[in-house]
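Let me begin by presenting the structure, written as structure tokens, before commenting on it.
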Amino acid sequence: MGFIREKEKDHDPSKIGKPQTLLEIVPDAFYVVGIGILRKQVEGCLVDASGKILSRKSQRYTSLDYDSIMNSVFKIADNLILNNSNKVNAITFGAPGTLDSKNGIILKPAKFLEFENVPLAKIFSNKYKVNTWIENDADVAAIAEKYYGKGKNLNSFIYIHMEEGIGSGIILNGEIHHGEYGYAGEMGHFLVKDDGKFKYLEDIYGADAILDRVKAFGISNFESLKKAEKDGDKKVIEFLKEVGEEVGAVIVSTIHLTGISTIFLGGKATYLGNTFLNSVRNTIKKYLFYDHEIKVELSTLGDAFVVALGASAHGRVKCVENTIIKN
């Protein structure tokens with residue numbers, strides 16, 4: 001089918017029997033563009049069939065209306081495809097909110113209201129004449145963790161993506177768990193009490209909400225927050241303990257519900273340091289129903305390009321599946 005080849009045999013004469021036939025993916029078999037539609041910018045990457053990253057591009061939105069965002073997405077796609085149009089086999093998107101992945105439609109993203117019922121896959125497949133798929137942004141971030149991060153050798157884990165929204169991708173038996181309506185893992189929409197009223201977790205502890213809170217400490221960005229945590233700023237330390245407790249409490253419920261005991265914290269969580277991480281761990285240990293081993297770690301993928309990277313990995317899998325089905 002053109003995407004697998006035999007590697008050179010390195011036969012050990014001391015071993016009895018026929019040598020193993022080792023296989024490898026042909027890097028130039030096809031290319032995939034992965035695009036992450038984020039709340040403030042679009043990020044994209046071009047990868048070959050083996051998963052090697054060939055190019056990365058990003059662009060902040062000039063405005064948050066539909067046309068401006070779509071223009072930015074088209075510019076990234078054009079840039080990545082321009083010199084490789086004969087090799088690009090697919091575009092895969094990671095997008096926020098509820099999706100109809102089967103039909104490639106963004107249904108109802110919570111804070112991207114102009115993107116309601118947008119047939120994104122059809123728009124881009126018609127323009128670029130390639131296969132196009134979409135998946136939830138947190139789901140493809142979990143896929144990135146599976147193919148490029150600490151989840152490589154794991155069958156089941158939960159990746160929590162802390163950005164303006166807080167989502168999670170649930171890898172269950174090696175596959176993304178979508179749930180019946182495709183939004184399993186919407187952790188940011190867990191209900192928590194705040195001043196006696198129910199609110200969504202992401203509205204209190206999403207990235208924007210965190211920066212709004214730390215402005216009172218003279219901190220305006222996550223790099224400064226990271227430095228303040230390392231320097232032991234008492235107000236910052238207390239606040240990050242609070243964030244860790246609330247996120248940890250939600251993780252406890254998620255562990256009880258899914259039975260999955262390995263958790264990776266990604267996105268802006270990587271800026272919150274050991275204070276946040278230890279607070280999450282301590283909360284889980286304190287309230288876990290059954291005392292067993294729980295692994296909670298910060299992702300090493302950072303917050304840049306993780307959605308685009310995961311989208312590209314998902315696209316590679318879909319390309320191989322399509323090729324097998326056709327043959």
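The values are calculated or read from the model by the stated rules, or taken from the named source; none is laboratory data. What you are looking at is a predicted structure, and each value in this text was computed from that prediction instead of being measured. Because the Cβ atoms are built from the backbone with ideal geometry, glycine has one as well, and the counts that use them run over all protein chains shown. We work out accessible area using only protein heavy atoms, side chains counted, and drop any ligands, DNA or RNA first. Shrake-Rupley method; radii C 1.70, N 1.55, O 1.52, S 1.80 Å.
Within segment 154-190, which residues are of a type in the set (Phe, Trp, Tyr), more than 16 Å from Val247 (Cβ to Cβ) and open to solvent by 10 Å² or more (accessible area, probe 1.4 Å)?
Matches in segment 154-190: Tyr181, Tyr183.
Could you list all residues from segment 195-223 that are open to solvent by 30 Å² or more (accessible area, probe 1.4 Å) and in contact with a helix residue (DSSP H, G or I) (Cβ under 6 Å, 6 or more places away or on another chain)?
Tyr200, Phe217
What are the residues in segment 297-321 that are polar (S, T, N, Q) and either open to solvent by less than 30 Å² (accessible area, probe 1.4 Å) or over 26 Å from Ile255 (Cβ atoms) (or both), if any?
Ser299, Ser312
Out of Asn131, Asn173, I need the residue that is free of Cβ contacts under 8 Å to residues at least 60 places away in the same chain and of a type in the set (S, T, N, Q). Which one?
Residue meeting the stated conditions: Asn173.
Name the residues in segment 60-118 that are of a type in the set (Asp, Glu) and in contact with a strand residue (DSSP E or B) (Cβ under 7 Å, 6 or more places away or on another chain), would you?
Matches in segment 60-118: Asp100, Glu116.
When residues of segment 254-278 are filtered for being in a strand (DSSP E or B) and open to solvent by less than 10 Å² (accessible area, probe 1.4 Å), how many remain?
Counting residues in segment 254-278 that are in a strand (DSSP E or B) and open to solvent by less than 10 Å² (accessible area, probe 1.4 Å) gives 5.
Which residues, taken from segment 224-237, are surrounded by 11 or more Cβ atoms within 10 Å (Cβ to Cβ) and not polar (S, T, N, Q)?
Residues satisfying the conditions are Leu225, Lys226, Lys227, Ala228, Glu229, Lys230, Asp233, Lys235, Val236, Ile237.
Taking interchain pairs and intrachain pairs at least six residues apart, which have beta carbon atoms under 6 angstrom, with the first residue in segment 62-89 and touching a residue at least 12 places away in the same chain (Cβ under 8 Å) and the second assigned to a helix (DSSP H, G or I)?
Tyr66/Glu114; Val88/Ile81; Asn89/Cys319
Looking for something under 16 Å from Phe305 (Cα atoms), outside any strand (DSSP E or B) and either modelled with pLDDT of 90 or more or in contact with an Asp or Glu (Cβ under 7 Å, 6 or more places away or on another chain) (or both) - is there at least one such residue anywhere in segment 43-60?
Yes.
Please work out if Asp78 is under 18 Å from Trp133 (Cα atoms) and among the charged types (D, E, K, R).
Considered against the rule, which asks whether it is under 18 Å from Trp133 (Cα atoms) and among the charged types (D, E, K, R), Asp78 comes out as yes.
Give me the residue from segment 112-136 that is touching a helix residue (DSSP H, G or I) at 6+ places or on another chain (Cβ under 9 Å) and open to solvent by 30 Å² or more (accessible area, probe 1.4 Å) and, out of that set, modelled with the lowest pLDDT.
Ranking the candidates gives Glu114 first.
Would you check which residues across segment 189-248 are under 21 Å from Ser168 (Cα atoms), over 23 Å from the mean Cα position of the chain (by Cα) and assigned to a strand (DSSP E or B) and list them?
Answer for segment 189-248, where residues must be under 21 Å from Ser168 (Cα atoms), over 23 Å from the mean Cα position of the chain (by Cα) and assigned to a strand (DSSP E or B): Val192, Lys193, Phe198, Lys199.
Quick one: is Thr92 in contact with a helix residue (DSSP H, G or I) (Cβ under 6 Å, 6 or more places away or on another chain), free of Cβ contacts under 8 Å to residues at least 12 places away in the same chain and either open to solvent by 10 Å² or more (accessible area, probe 1.4 Å) or part of a strand (DSSP E or B) (or both)?
When the stated conditions are applied, Thr92 does not pass them.
More than 30 Å from Ser220 (Cβ to Cβ) and at pLDDT 95 or above: is that true of Ile284 in this structure?
yes
Here is a list: Ile251, Ile294. Which entry is surrounded by fewer than 21 Cβ atoms within 10 Å (Cβ to Cβ) and touching a residue at least 12 places away in the same chain (Cβ under 8 Å)?
Of Ile251, Ile294, the one residue that is surrounded by fewer than 21 Cβ atoms within 10 Å (Cβ to Cβ) and touching a residue at least 12 places away in the same chain (Cβ under 8 Å) is Ile294.
For segment 1-40, which residues satisfy the criterion of being open to solvent by less than 40 Å² (accessible area, probe 1.4 Å) and either touching a His at 6+ places or on another chain (Cβ under 6 Å) or assigned to a strand (DSSP E or B) (or both)?
Selection gives Tyr31, Val32, Val33, Gly34, Ile35, Gly36, Ile37.
Within segment 61-86, which residues are open to solvent by 60 Å² or more (accessible area, probe 1.4 Å), outside any loop (DSSP other than H, G, I, E, B) and polar (S, T, N, Q)?
The answer is Asn71, Asn79, Asn83.
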